[in-house]
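Colleague: Dropping the structure in here first, questions after.
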Amino acid sequence: MCLICERIQSAKKGENPYVIKEFKNSFFVVGDHQYFKGYCLMILKDHVEDLTDLEEDVQLEYMQEVMEAAKLLKKIFKPVRMNYSCLGNFVPHVHFHLFPRYEEDLRLDETKNPWHCIDEFKNHTINEFEARSLAKLIASSF
Ligand SMILES: [Zn+2]
């Protein structure tokens, strides 16, 4: 079972402190690190490797779920921009990384690519307690 499938399984059992909200096709979860304040993910419930492998109606619904989550993050964290990343190179299970971006961090790297800061992520990991309180804070704004 892949890492994301494991997280989906614990989310379905109500044992995943990172869960903000369950959508029809996905779970909206807090990221393991908060190098970018408000960093979250939208993880697809089914193990599908590529967006094009989804049924058309699911493609649309999933994108709408991603947009709903992103709008909420914009409202709460007021970033100057949102970055959306759907790669699947490390864990080939459809998921979007939602990176709120701020003036300060956009200044740090001229490429503006959030993945160029990956070495910093481990210095900003959050524990389960912090994840749960952040998830509650975000969920309360729906
Ligand atoms: Zn999976």
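Colleague: Which residues' amide hydrogens lie under 5 Å from the amide hydrogen of N83, considering only partners 5 or more residues apart or on another chain, with H built in the peptide plane?
Modeller: F99, R101
Colleague: Taking the dipole about the Cα centre of the chain, with the C-beta of Lys and Arg at +1 and of Asp and Glu at -1, give me whichever of C5, F142, H33 is farthest to the positive side.
Modeller: Final value for the positive-end residue is F142.
Colleague: Only loop residues by DSSP count here, and only those with at most 13 other Cβ atoms within 10 Å; note down the chymotrypsin sites (Phe, Trp or Tyr not before Pro) in region 40-93 that meet that.
Modeller: F90
Colleague: Next up: Return the inverse of the average 1/r over all pairs of distinct C-alpha atoms in region 17-60, which is the Kirkwood hydrodynamic radius, in Å to one decimal.
Modeller: Averaging 1/r across every pair of different Cα atoms and inverting gives 11.7 Å.
Colleague: Obtain the radius of gyration and the Kirkwood radius of region 3-139 from its C-alpha atoms and give Rg over Rh.
Modeller: Looking at region 3-139, the ratio lands at 0.94.
Colleague: Could I ask something else about it? Using a basic spin-label model with each label point 7 Å from the Cα along Cα→Cβ, how many nm lie between V80 and W115?
Modeller: Each label point lies 7 Å from its Cα, and together they span 2.3 nm.
Colleague: Expressed as an acute angle from 0 to 90° and rounded to the nearest 10, what is the orientation of the C-alpha long axis of helix 128-139 relative to the principal long axis of the chain?
Modeller: Around 80 degrees separate the two axes.
Colleague: What is the magnitude of the charge dipole of region 1-118 about its Cα centre, with +1 placed on the Cβ of each Lys and Arg, -1 on the Cβ of each Asp and Glu, and no other charges, expressed in debye to the nearest 20?
Modeller: That gives region 1-118 a dipole magnitude of about 660 debye.
Colleague: Which ³J(HN,Hα) values in Hz, rounded to whole numbers, follow from the phi angles of region 60-70 under the Karplus curve 6.51 cos²θ - 1.76 cosθ + 1.60, where θ = phi - 60° and Gly and Pro get x?
Modeller: Calculated HN-Hα couplings, in order: 5, 4, 4, 4, 5, 5, 4, 5, 4, 5, 5 Hz.
Every number in this text was worked out from the coordinates using simple rules, so none of it is lab data. Note that the structure is a prediction, hence the values are computed from the model and not measured. Neighbour counts are summed over all protein chains in view; Cβ atoms, including those assigned to glycine, are modelled from backbone coordinates with ideal geometry.
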